[in-house]
Structure formats: structure tokens, C-alpha cells
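Working notes for the structure below.
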Amino acid sequence: MSKNSCWKNIKAGIIHLFFPNRCPFCGGTIPFRSHCCEDCQKKSELWEPVVWKECADWHFDAFAAPFLYGMGAEQGVYELKFHGNITPAEHFGYFQYQCLVQAELTGFDVITAVPMAKRQKRRRGYNQAAELGKAVSRYSGKPYLELLKKPKQLLVQHTLSLEERKRNVIGAFCVREPFLAAGKTVLLVDDILTTGSTMDECARVLKQAGAKRVITAAVCRVSKEKWDLEKQNLEKYRDNMV
Ligand SMILES: [Zn+2]
């Protein structure tokens with residue numbers, strides 16, 4: 001082991017003592033290089049990755065999520081999304097990248113995330129989709145760029161019906177520097193894919209800016225059957241929303 005990597009290990013060990021690494025599913029303490037605890041790993045056959053390689057009805061070309069909503073990952077996503085806890089992003093980014101590898105969807109040139117309006121980001125302190133995108137960047141070695149911006153605050157998507165969601169996002173996003181997207185295969189990252197209307201609108205403007213292909217990745221995919229459950233769970237978190 002080189003002096004440098006030895007020092008890195010010591011430093012990571014010290015950080016782990018004060019800020020223990022936590023399982024993104026159950027919140028239990030785990031070794032600092034692990035991405036989930038042994039008990040949660042045993043349930044991994046329930047995770048049900050979702051991969052779409054043909055997306056004819058969408059502006060994006062492919063989609064991959066390591067988990068189906070309702071199989072345990074959603075608690076970590078809520079921590080990340082509503083409770084100011086940024087640490088699950090590192091683990092979920094790892095699982096997102098592993099899912100893309102297994103789906104053979106790693107041919108992207110650049111990674112970006114579904115953006116947040118400035119005001120919303122200021123209140124939350126970070127954009128959870130961007131944190132996931134940066135984690136995927138660390139595992140894949142591909143650059144993360146803020147390609148998109150959201151000039152205005154929209155109505156909160158999860159409070160709307162499917163049709164309202166589609167209408168709400170039209171014209172909501174724009175590309176910062178089109179030349180950075182032109183000719184590229186872009187990986188677009190978000191936390192949960194529900195109706196797909198947000199990802200689709202982001203993919204539409206990226207394609208308009210000249211992106212060759214848009215691959216999308218979320219942590220969880222919510223099936224139609226789980227849609228009502230998702231809304232109930234989100235209600236529980238609404239009081240704590242930032
Ligand atoms: Zn666990």
C-alpha cells in the first residue's frame with residue numbers, strides 16, 4: 001500500500017469515528033467502505049431493478065433505477081430529499097452506477113441532474129439529484145456538469161395528478177450552455193421516477209440543445225400500483241419539507 005493510500009485510509013477511519021457511515025436503507029452503522037448493512041444486503045433479491053432500453057414514447061432513450069419503490073430504499077430517499085441528510089446520496093449513487101453497468105448503459109459522456117429552482121435550493125441547502133449525479137460521477141469517472149437550470153419555481157409535482165404534472169413542467173427547464181450538451185450522450189439523474197414527466201421535459205430540452213442521446217437514472221421507480229402509497233408516505237413528510 002502506498003503512503004498516500006495508507007494516509008487516505010487513516011483519514012477515512014478517523015472521519016468514520018466521528019461521522020459513522022450509515023446504511024441508506026435502515027440507517028444502521030456500517031463499515032466506512034460499505035454501501036449497506038449485511039441484513040439489508042440479504043434482502044437484495046427484493047430490490048427489483050427497473051431498466052427500460054426502448055423508450056419510444058419519451059424524449060429520453062433509456063432509463064435505469066436500481067430499486068422499485070416500496071422495497072426499502074425510499075426511506076433513504078426521504079432522508080435525502082426532506083431531512084437534510086446528504087449521506088445516502090453516496091450509497092445510492094453507487095447503486096445507480098452498478099445498475100447502469102449491469103444494464104450496459106454506461107456509454108454516456110457527461111452526467112447532469114434534474115435542476116432545482118434557486119429559491120428551493122437555497123432553502124434545502126443542496127439539490128439531492130445533483131448530489132446523486134456527483135456520486136455517479138465519482139464511481140463512473142465521467143464528468144458531472146450543471147447542464148440544466150430551472151428558472152422558476154413550479155407547483156410541487158407530487159401534489160399533482162398525472163395530467164397536471166405533465167402540464168406543470170412544460171417550459172420549466174432550459175439548458176445553460178447548449179454547446180456542452182451538443183453531440184453528447186447525457187446521463188440525467190433524479191431521485192424518484194414517478195410519471196416521468198420531469199425527466200422527459202429535461203430530456204426534451206437537452207435534445208433540443210443537440211444532445212445525441214439521453215439516458216436517465218433514478219434511485220427508485222414508482223410503479224402505478226405503488227402510486228397511491230407514495231402519495232400517502234409523502235404526506236407524512238410534508239410537515240418537514242424544506
Ligand atoms: Zn441496513
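The values are calculated or read from the model by the stated rules, or taken from the named source; none is laboratory data. All values derive from a computational prediction rather than experimental measurement. Methodologically, a virtual Cβ is constructed for each residue, glycine included, from the backbone with ideal geometry; neighbour enumeration extends over all protein chains shown. For the accessible areas, the whole protein counts, side chains as well, though only heavy atoms, and no ligand, DNA or RNA atoms are used. Shrake-Rupley method; radii C 1.70, N 1.55, O 1.52, S 1.80 Å.
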Handout entry: Test result for Val101, open to solvent by less than 20 Å² (accessible area, probe 1.4 Å) and of a type in the set (Val, Ile, Thr)
Key = no
Practice task
For the range 57-73, indicate whether the set of residues that are in a helix (DSSP H, G or I) and at pLDDT below 95 is non-empty.
Solution key: no
Problem - Some residue of the range 181-193 being among the hydrophobic types (A, V, I, L, M, F, W, C), out of contact with any strand residue (DSSP E or B) (no Cβ under 7 Å at 6 or more places or on another chain) and part of a loop (DSSP other than H, G, I, E, B) - result: yes
Handout entry: Among the candidates Gly76, Gly93, residue that is modelled with pLDDT under 95 and open to solvent by less than 60 Å² (accessible area, probe 1.4 Å)
Key = Gly76
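Here is a yes/no grid of residues against (1) at pLDDT 85 or above; (2) of a type in the set (Gly, Ala, Ser); (3) open to solvent by less than 40 Å² (accessible area, probe 1.4 Å); (4) not in a helix (DSSP H, G or I):
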position: Ser5; (1), (2), (3), (4): no, yes, no, no
position: Gly13; (1), (2), (3), (4): no, yes, yes, no
position: Leu17; (1), (2), (3), (4): no, no, no, no
position: His35; (1), (2), (3), (4): yes, no, yes, yes
Problem - Any chance Asp191 is among the charged types (D, E, K, R) and more than 22 Å from Gln75 (Cα to Cα) - result: no
